[in-house]
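Only the coordinates and a few stated rules stand behind these numbers; no lab work does. These figures come from a predicted structure and were not determined experimentally. Here the Cβ positions follow ideal geometry from the backbone for every residue, glycine too, while neighbour counts run over all protein chains shown.
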Amino acid sequence: MMEPARRLAVTSHPANESRARGFGEALSLAKGKHVLIALRGHPDPDGIACAIAQAHIGQRLGVAQTTISYCHELSHRENRALVKLLGLELRKIKSVKELGRVDYLALVDAHEVDTDLTDAADLEVLTIVDHHRPVSPPKARFVDMRLDVGATATIFAEYLQELCTLDPDVEEDRRIATAIMHGLSTDTDDFMLARAGDFRAAGQIIEVCDRDLLQDLSRRLIAPTAMDVIARALQAMVVRRNFAMAGVGFVSEAERDTISQAADFLVRREDIDTCVVYGIISDKYIEGSLRTHSPSVDPAVWLEQAFGTDEKGRPFGGGRRDKGGFRIPIGFLGRVTDRQQLWQLVEHAVRTALLRQSGEEPTPGLVMPPVTPS
Ligand SMILES: [Mn+2]
């Protein structure tokens, strides 16, 4: 019993110290050089936080310049808020050549260069720090891949601890700590999925965080388009016992994830445990999201029972634990020019399927609230 207790008191393990040292040694190779941290995909808080932590450590170790780049849209509202609140300068590039001379590449929260970033092939990858399972063996001077952490930010919290301890009295240090904490909490679903190492890292970093800024960052912003879809969902919502459903009409491809955001919102209603929000995406598909707290609803099974399978036997829907989604092509019907009529057809079919599945017989005269096609 004594052994675990004693181990808990130790804040850094020898193995971690040497990994931090290895990382520091690799960065020292770039003394006086220009390092490009190329974020992969749509940058998320974990990747962004790790990039600024690496830039900070690099600066301490004599790296002349660190550029943080990305090549896909900074899509999520929260990520734009993060960049804005932290006053970050991220460069959106398609080719490394846009940056002039770059000496080394570095990857954080990823182990491969984004396939959409061109002219990166000739550059040496200096460091790779990531927590995703590698598809191919990562190649770099220094590699730290850990599958037992919930966020790459956890690894950087350790590096910071070993290589340049953050000072709560320095504004810049507080911003970095706050970003790391935010990356940690978003990647671990607010610590629900966090592992021991993530909690240790959070414990180390919390005293340096700017609590006000952290609160601003975690205030989940809602895009106007999402709010609009949520409003439509509220207006159209039909509640039957503990089940709610809402058809939101036409939604563009770019705004498809507003449907799941609306479902996230509706399921919080006190008197229900399961909800489905659906709409027509780009006149091509009926798409919907299911959210449930019910112990008896398995989203994948529930959706398959409601909507069945396509001609190849693949279910239209899938899911896990407390969420699911479905997508049904509307094919030829998409050509209907009267959108109001098309929506009514879809609305009727989906409602009938959902009510049957939720154990209710559809009422013939079910009111269909008007839905403004967007
Ligand atoms: Mn991550």
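Could you tell me the relative contact order of the chain? Use alpha-carbon pairs under 8 Å, at least six residues apart, and round to a whole percent. It would help to have the intermediate numbers written out before the result.
On the way: 669 pairs, mean separation 42.0, N = 374.
Across the chain, relative contact order equals 11 percent.
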D212/E311 FRET efficiency (R0 41 Å; Cβ-Cβ; nearest 0.05): 0.15
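Place a +1 charge on the Cβ of each Lys and Arg in the chain and a -1 charge on the Cβ of each Asp and Glu, then give the dipole magnitude about the Cα centre in debye, rounded to the nearest 20.
480 debye
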Pull up all non-local amide H partners of T66: gap of 5 or more, or a different chain, and H-to-H distance under 5 Å with H placed in the peptide plane. V35
Rounded to the nearest 500 deg cm²/dmol, what is the calculated helix-only ellipticity per residue at 222 nm for the chain, with -39500 (n - 2.57) per DSSP H run of length n ≥ 4? -12000 deg cm²/dmol
Residue by residue through the range 334-346, which ³J(HN,Hα) values in whole Hz follow from phi under the Karplus form 6.51 cos²θ - 1.76 cosθ + 1.60 (θ = phi - 60°), with glycine and proline marked x? x, 7, 4, 7, 7, 5, 4, 5, 4, 4, 5, 4, 5
G249's amide H: which non-local residues (gap 5+, or another chain) put their own amide H closer than 5 Å, with H modeled 1.01 Å from N in plane and none for Pro or chain starts? I280
Quick check on packing: order 131-138, 284-291 by the mean number of other C-beta atoms within 10 Å, highest mean leading. 284-291, 131-138
Measure nothing but the geometry: give the 0 to 90° angle between the long axis through the Cα atoms of 45-60 and the longest principal axis through the Cα atoms of the chain, rounded to 10°. 10 degrees
At M145 and R21, where each label point lies 7 Å from the Cα along Cα→Cβ, what is the point-to-point distance in nanometres? 2.4 nm
